[in-house]
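What follows is a single structure, written as structure tokens, with notes after it.
The values are calculated or read from the model by the stated rules, or taken from the named source; none is laboratory data. Values in this document were obtained by computation on a predicted structure and should not be read as measured data. All Cβ positions, even for glycine, are placed from backbone atoms using ideal geometry, and neighbour counts span all protein chains on display. SASA here: full protein model, heavy atoms, side chains in, ligands and nucleic acids out. Shrake-Rupley method; radii C 1.70, N 1.55, O 1.52, S 1.80 Å.
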4 protein chains.
Amino acid sequence: MKIGFIGLGNMGEAIAKRLIDAGHELRVWNRTPDRARQLAQQGAQVASDPKQTIEPGGVLISSLANDQALEQVIDHELLQQLGKGGVHISTSTVSPTIAKKMTELHAQFGVAYLAAPVLGRPDIAAAGKLSIFLAGSPQAKEKITPILQAFSQRIFDLGNDPPTANVLKLICNFLLASNLEAIAEALALGQKNGLDRNNIAEIFSQTLLSGSPIANYAKQIAKGKFEPVLFKLALGLKDINLVLSTATASKTPMPLASLLHDRLTAAVAKDRGNMDWSGLAAEVFEAAGLHDGAQS
Amino acid sequence: MKIGFIGLGNMGEAIAKRLIDAGHELRVWNRTPDRARQLAQQGAQVASDPKQTIEPGGVLISSLANDQALEQVIDHELLQQLGKGGVHISTSTVSPTIAKKMTELHAQFGVAYLAAPVLGRPDIAAAGKLSIFLAGSPQAKEKITPILQAFSQRIFDLGNDPPTANVLKLICNFLLASNLEAIAEALALGQKNGLDRNNIAEIFSQTLLSGSPIANYAKQIAKGKFEPVLFKLALGLKDINLVLSTATASKTPMPLASLLHDRLTAAVAKDRGNMDWSGLAAEVFEAAGLHDGAQS
Amino acid sequence: MKIGFIGLGNMGEAIAKRLIDAGHELRVWNRTPDRARQLAQQGAQVASDPKQTIEPGGVLISSLANDQALEQVIDHELLQQLGKGGVHISTSTVSPTIAKKMTELHAQFGVAYLAAPVLGRPDIAAAGKLSIFLAGSPQAKEKITPILQAFSQRIFDLGNDPPTANVLKLICNFLLASNLEAIAEALALGQKNGLDRNNIAEIFSQTLLSGSPIANYAKQIAKGKFEPVLFKLALGLKDINLVLSTATASKTPMPLASLLHDRLTAAVAKDRGNMDWSGLAAEVFEAAGLHDGAQS
Amino acid sequence: MKIGFIGLGNMGEAIAKRLIDAGHELRVWNRTPDRARQLAQQGAQVASDPKQTIEPGGVLISSLANDQALEQVIDHELLQQLGKGGVHISTSTVSPTIAKKMTELHAQFGVAYLAAPVLGRPDIAAAGKLSIFLAGSPQAKEKITPILQAFSQRIFDLGNDPPTANVLKLICNFLLASNLEAIAEALALGQKNGLDRNNIAEIFSQTLLSGSPIANYAKQIAKGKFEPVLFKLALGLKDINLVLSTATASKTPMPLASLLHDRLTAAVAKDRGNMDWSGLAAEVFEAAGLHDGAQS
């Protein structure tokens, strides 16, 4: 199948290569033409503007930097050319707001907008092992699934509403960044108290970060049932207080530990000390106005 | 071997049972005698006070609630009785400060104090699959390793200085609690934007929380080399800003996302936007006065 | 002088009344006409749409809820009618971004856009005691100053660039909200430790909040010279640590105290412990990429 | 009256001078004798150890660095010497915990322990304008009030329980430090958006920080009645969101603004958007487990 491909950043380029390797015929465009030339050597046609990548009723894949780039490149003229039956697979990490706007705009031209943000970095893309969060029209999704399989290991179908896929991608990057912060604070505290950072990271990788421990907590929190009580919240607060006093003694600022202290203290002040410590999620849900704390 | 065992909370009880099942002879004591009785039915001797669990020059294991409990139970008289050649395996999650104090006190009586805090909850203990962070005298460690193997899957030797094992345990609980907060905020945002919480948790367990993704970041951060640049820090900030604007629109308070916003904004303001986003750790290390950012 | 007046919320209404009382002839418009009727009884003419409030080359005052309302009401047609020599006094708390956009748009029609956000609540406006942050064209400012004096006590001239006035207004609301949070946390801690909240507030009003104490700190921080050292930063950290331990003991979550703890800890970790404690500002400036810490 | 005086740091020295100037006879002691010598030239007797400053049944004033120093200097022997009828005026900023312990210990020797932490810096002390938070035995307070008047402008009587005075002092330093942070973030944002820092500070001193504005909020919050609604909480959130978007655009990390965003967002999510924005205190009180939000 001939596929239009717009946006050859590190991620776009890695995806495009996988598609060419899988035998797809690509017409590529990039704002700065240099990167397109490399793909040309591998057999891609290079278009001089975005619209020239389009085949009426065909498939367009975009991998762009942000909301602004997406809005600028995907204009009315381009959508008219793509037209009825066309499918636009938008792999960029953009806002749910722009995804909603795009979905409506595409519909005016008979084009299906599929949100398909990818999880993984360029090296994962090059290995064909991305995860894809896919949302949009069922027919369009069915049609393009074989294309996605050329560069992904897992495709999660999130239903018919494109913005939800973008929300999930943002949540993932948030969870990752949270771990970067948590790990950095943990390693700083360790180093200032006589531990070797590489040793800590190695132990993390063999224990907490080896798979199920944190995943199991995620499932428990999702259920909104903080049982069985395997580790009391009040004990969790005791330990975080020990973390903070160790941090104070060793002059290590740990803002995430402070946040946890305040969160758990509020939970105990509201008589939640005997719940399992995953019950701190009840505080989080309550603050968001999710009244039962449990899945609605 | 005859072993003294003090402290039969959920964790202590699970460990004690494993030891009995492995054929060890236990003399147990607990502040409230009820729990000791259950173990008696399985063959443990029940002592009427802590000192009666002691065999001179033998091994004592304690599993106590906090610093105060440890200091109260392990008094001079008890240590005198345990005496030269004795080993005290302290599995409790206590402060590095008390560990240091205990180490010095034990030494006065010729007793080796081993810090051996355990990672895992009581159900993991019951299955004999705890991880143990072990620190203290090499001879003592060698002597009691077979005992630890009865209830653990992995023993990490952290050297001769007991407090370091306690620091590592605290760091682990901090990393866990950070994930509880991150996951709860992520699920709240998802739920308020049309996603199903259980579905998100399931996807997390198959992707980010499936093992290596976060562990690899931990190793990279430990090295203090934020290369190769697989995902630019400035792009990370862009995504966290999208998280926050989605949170604002859906009235979801996300204090951890706010913390990340401020952290990454500071990094960009200090010209770190082109580093890999794991480089936010450079900010964390710098704030702790770790000057090079890298392992010292 | 005939003045057009758009937007009769609590604040707009109070300002309009002052103008009428001062003898100005007002043509008023409000999205919901009810509020306009009350002013009609006091002598204002009620316009049926925004454009009818306009006198070519005259003065228009707007008091609107937010960026969106401002953009919607102040359209091209209205600006054409206001035309050359016209002045638009925008008293709303809006973003610097929209102020910039509006300034440029108004210029196309020969209209001067003056940013004139007001500090004070409706009761202060009714008493004619608002403070006004004024920025924009010097000629326009001179022309309309007598009008502003009808409802203000102080007019601060911030120069020719309208957005700066909006930034200052936002900063003021931020400083106020920060005090709401600080006061609330302080009172909660006091109440949970046996003090009477009203008593604390009374003592605050006679001491710290009586005028100069905090204002003097503001001037010192602005200078970026954290001298003389009247209270060492390391002692400040000691006290905040006492605040937090008291908060921990009384189960009072104090996220702002936690933030201060982390800020001061970082300062001490970077060898700033011997500065005056106003030197925590050096940390804040540094994180913003303001390299010298001092005024540039 | 002969007065013992222990601790000649910057604050202690300034207080001691005031007492000498007022005609009191002082016997002073300081850990490092240099500072005592200066006072000797002004007529103070220099004691070679703390106990030598004591007159049985007399008055002792201490001005010490922290809990540890207080506990070390004020020992059993010293208290025995001070004895029945003696009064110890403790002006140091120490923890309520140590104040409680000291009160009980002093009672054993018939000595009254008065907590009398001072508000103000050494220059204020030198001018005799400190505020004193006084708590302890009524008879003792009455006896020593003339002494306190030599270096203070205001004495607030907080009742019979010494620790409450220490809590109030800590709360004051917390409120001050909160303003340091708030001001620093505000000035950084202003500077990065074209305003002059000194100009902002000057405007602050003439408006928000001129006395009553913030003090009035404190009284309203103390009452726990967030009426009348002069500025809606939802509008406050709007403004803080504008602060944050301005901060994002100008790369200014503002963690306190982030905290306010999360606080106000939670309030709106829980249907508190129509309260006066001082109602963010309702969130703070609720998190502390103060159930009605109002004064109990």
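Descriptive notes on the structure:
- Spin-label zone in region B:41-55 - amide nitrogen under 15 Å from a point set 7 Å from the Cα of residue B:84 along the C-beta vector: none
- Centroid-to-centroid, using Cα positions, region B:203-217 and region C:135-201 are 47 Å apart.
- Chain D: angle of helix D:233-249 to the longest principal axis, Cα-based, in degrees nearest 10: 90 degrees
- Tensor-based shape of chain C (alpha-carbon gyration tensor, a/c under 1.5 rounded, otherwise prolate or oblate): prolate
- Per residue, chain B exposes an accessible area of 36 Å² to a 1.4 Å probe, with every protein chain left in place.
- With its label point defined 7 Å out from Cα along the Cα-to-Cβ axis, residue B:68 lies at 2.3, 5.3, 5.7 nm from the matching points of the other copies, in increasing order.
- Residue B:49/residue D:291 FRET efficiency (R0 41 Å; Cβ-Cβ; nearest 0.05): 0.45
- Cα-centre dipole for region B:148-296 with unit charges at Cβ (Lys and Arg positive, Asp and Glu negative), debye to 20: 180 debye
- Residues with amide H under 5 Å from that of residue B:272, placed H, sequence gap 5 or more: none
- Whole-Å distance, taken between Cα centres, linking region D:1-41 and region C:113-132: 52 Å
- Sequence of B:106, D:76 when ordered by accessible area, the most exposed leading, probe 1.4 angstrom: D:76, B:106
- Per-residue ellipticity at 222 nm computed for chain C from its helices equals -16500 deg cm²/dmol, with DSSP H segments shorter than 4 residues left out and the rest contributing -39,500 (n - 2.57).
- Beta bridges by DSSP in chain D, antiparallel share as percent, to the nearest 5: 15 percent
- ³J(HN,Hα), Karplus 6.51/-1.76/1.60, whole Hz, each residue of region D:67-80, x for Gly, Pro: 3, 4, 4, 4, 5, 6, 7, 8, 9, 4, 4, 4, 5, 4
- P(r), alpha carbons of region D:103-259 - 5 Å bins starting at zero, rounded %: 2, 7, 11, 14, 16, 13, 11, 9, 7, 5, 3, 1, 0
- If R0 equals 60 Å, the separation of the Cβ atoms of residue A:202 and residue C:72 corresponds to a calculated FRET efficiency of about 0.55.
- Between the amide H of residue A:161 and those of A:136, distances stay under 5 Å, these residues lying 5 or more places away or on another chain, with hydrogens modeled in the peptide plane.
- Pairs spanning more than 19 Å between alpha-carbon atoms, out of B:270/C:101; A:84/A:143; C:192/D:100; B:238/D:270: B:270/C:101; B:238/D:270.
- Folded to 0 to 90 degrees: helix B:255-269 orientation relative to chain B principal axis, Cα: 60 degrees
- Counting only Cβ charges, +1 for Lys and Arg and -1 for Asp and Glu, the dipole size of region C:75-171 around its Cα centre is about 200 debye.
- Förster radius 56 Å - calculated FRET efficiency between residue A:229 and residue C:104, Cβ distance, rounded to 0.05: 0.35
- Taking only Cα atoms of the protein assembly as shown, radius of gyration then Dmax in Å: 33.3, 103
- Net charge dipole size for region B:175-225 [Lys, Arg +1 and Asp, Glu -1 on Cβ; Debye, nearest 20]: 320 debye
- Bridge orientation summary for region B:85-167: considering DSSP beta bridges with both residues in this region, about 25 percent are antiparallel.
- Beta bridges from DSSP with both residues in the protein assembly as shown: antiparallel share about 15 percent, rounded to the nearest 5.
- Loop-located trypsin sites (Lys or Arg not before Pro) across region A:181-265 with a Cβ neighbour count of 15 or fewer within 10 Å are A:225, with loop assigned by DSSP.
- In Hz, Karplus ³J(HN,Hα) per residue of region B:204-213 (6.51, -1.76, 1.60; θ = phi - 60°; x = Gly, Pro): 3, 5, 8, 10, 3, 9, 8, x, 5, x
- Chain A: angle of helix A:96-108 to the longest principal axis, Cα-based, in degrees nearest 10: 20 degrees
- Ascending distances from the residue A:49 label point to its copies in the other chains, with the point 7 Å along the Cα-to-beta-carbon line: 3.8, 9.4, 9.5 nm.
- Label-point distances for residue C:211 to the equivalent site in the other copies, using a point 7 angstrom along Cα→C-beta, read 0.5, 7.1, 7.1 nm when ranked shortest first.
- Closest approach of any chain B Cβ to the axis that rotates B onto C belongs to B:255, 4, distance given in whole Å.
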